[in-house]
1. What net charge do the residues around Ile272 carry, taking every other residue with its C-beta under 12 Å from that of Ile272, with Lys and Arg at +1 and Asp and Glu at -1?
2. Taking the alpha-carbon distance from Lys347 and a cut-off under 15 Å, which aspartates and glutamates remain once sequence neighbours fewer than 8 residues away in the same chain are dropped?
3. What is the log10 of I(q)/I(0) for the range 56-284, computed with the Debye formula using one identical point scatterer on each Cα and no solvent, at q = 0.07, 0.13, 0.17 Å⁻¹?
4. Cross-link partners among lysines for Lys235, C-alpha distance below 18 Å, same-chain residues fewer than 8 apart left out?
5. Could you provide, to the nearest whole Å², the per residue accessible area of the range 56-284 with probe 1.4 Å?
6. Tell me which trypsin sites (Lys or Arg not before Pro) from the range 50-156 have a DSSP coil assignment and no more than 14 other beta carbons within 10 Å of their own.
7. What trypsin sites (Lys or Arg not before Pro) does the range 295-340 have in DSSP loop regions with at most 11 other beta carbons within 10 Å?
8. Please work out the ratio of the alpha-carbon Rg of the chain to 2.2 N^0.38 Å and round it to two decimals.
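The values are calculated or read from the model by the stated rules, or taken from the named source; none is laboratory data. Everything numeric in this text was worked out from a predicted model, so none of it was measured. Neighbour counts run over all protein chains shown; Cβ positions are idealised from the backbone, glycine included. Please note that ligands, DNA and RNA were not included when accessible areas were found on the heavy atoms of the full protein model with its side chains. Shrake-Rupley method; radii C 1.70, N 1.55, O 1.52, S 1.80 Å.
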Amino acid sequence: MAGFELDMTFLRSRRHAKWTMFGAEAIPAWVAEMDFALALPIRRAIAELSDRMDFGYPLREGGVAENAVGTAFARRMKSRFGWEIDPQLVQPVAELVQGTFAPIMAFSDPGDGIVLHTPAYPPFYEAISTLGRTLVANRLRDGARRFEIDFDALEAAIGPRTRMILLCNPQNPTGRVFEPAELARIAAIALARDLVVVSDEIHSDLVFPGHRHIPFATLSPEIAARTVTISSATKSFNIPGLRCAVMHFGTQALRDRFHERIPRRLLGAPAIVGIDATIAAWDEGQPWLDEVMDHLAANRDHLVLRVARDLPGVSFHPPEATYMAWLDCSGLKLDRPAQRFFLEEAKVAMSAGETFDPAAPHFLRLNFATSRSILDEIIDRMAAAVRRRGRMGAAAS
Ligand SMILES: Cc1ncc(COP(=O)(O)O)c(C=O)c1O
């Protein structure tokens, strides 16, 4: 058992949504959180704040504390992706969903079209509809090996009022890491059709061997000038409750355009616990993350074997990044949405496919960032439910 794995009794004893929302009978494999202990540098940073009761208006590096998140993000982007950015172009915010809503408000008007590759993270739909924008959905094609962008459909879907592409790379829920050629085609379309790109790269630290994350804004200076990159340490370092994220504008002109509509003060700032934890994660957390990635890769491969062996009728493309598996349950021919079936019959709580794409109730998103024993119990429960149903079906016929 890896040192960071947590057992079920402890996981159930805490007050977060993942392990409480579906009751004590269910094993949760839904929201994007990991069942792992935090990296020590993060725990130390939080303990130090608490021990010293250091909760006044915070300063770091001789200025307001949130600016230190910008410099930490710049260090991180350089060390991870060789991407050199100006920390002045980083706007710290509380969360990425806020970082999605705000650029949509700044760079489009009600009625304007926003491109989204579907299936997609549910709050993206919420942002587009709440703000009265028009969804320009482009469904990813289920290919032989992976999900792929249908570029002809994308070109055809973009109309005169389309203003923005909401890109999610690595993609949630399919786990795709878009390749240079795919990103270049998106970039060419953004330039030709004069679109702003909001690139959600929150999962960029969770890329498996054999794949490489390329920040969209690095494609060219012209692309940077129309790209807002949003990211945080919350998924890869397991601290979503600490509410700290960043928006990076490719140029000062883009940032100025943004602030014409969204005053800086309206964005607030992350709290000091989130700031110090994020900086500790990015600067000192990599050894922990390396170990976690080995475990996640092994869990992913184990899931591939076990689904093939024990869950006939379920299939998926092994994700290239993220700790999510996008399971296609259409072969089971279920009488209800797959999420409901497995919650009711297996007591496993996964994310419902239809929340990522209304046409995908036969899909499930399974979070495999847990211990091997919990993952095995999840699969055992699912397999038992499928077998029971098979027997009942046989008895009825
Ligand atoms: C693609 C994507 N963006 C944003 C978020 C959420 O970020 P936040 O909690 O900072 O709003 C998630 C969480 O799972 C995500 O998968």
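1. Summing Lys and Arg as +1 and Asp and Glu as -1 gives -1.
2. Within the straight-line limit of under 15 Å, Lys347 reaches these aspartates and glutamates: Glu25, Asp376, Glu377, Asp380.
3. Each listed q maps to, in turn, -0.20, -0.73, -1.28.
4. Candidates past the 8-residue exclusion: Lys18.
5. On the way: 8970 Å² over 229 residues.
Roughly 39 Å² per residue, with all protein chains present.
6. Numbers: sites: Arg52, Arg60, Arg75, Arg76, Lys78, Arg80, Arg133, Arg139, Arg141, Arg145, Arg146; in loops: Arg52, Arg133, Arg145, Arg146.
Answer by residue number: Arg52, Arg145.
7. Of the trypsin sites (Lys or Arg not before Pro), the ones in loops of the range 295-340 whose Cβ has at most 11 other Cβ atoms within 10 Å are Lys333.
8. 1.00
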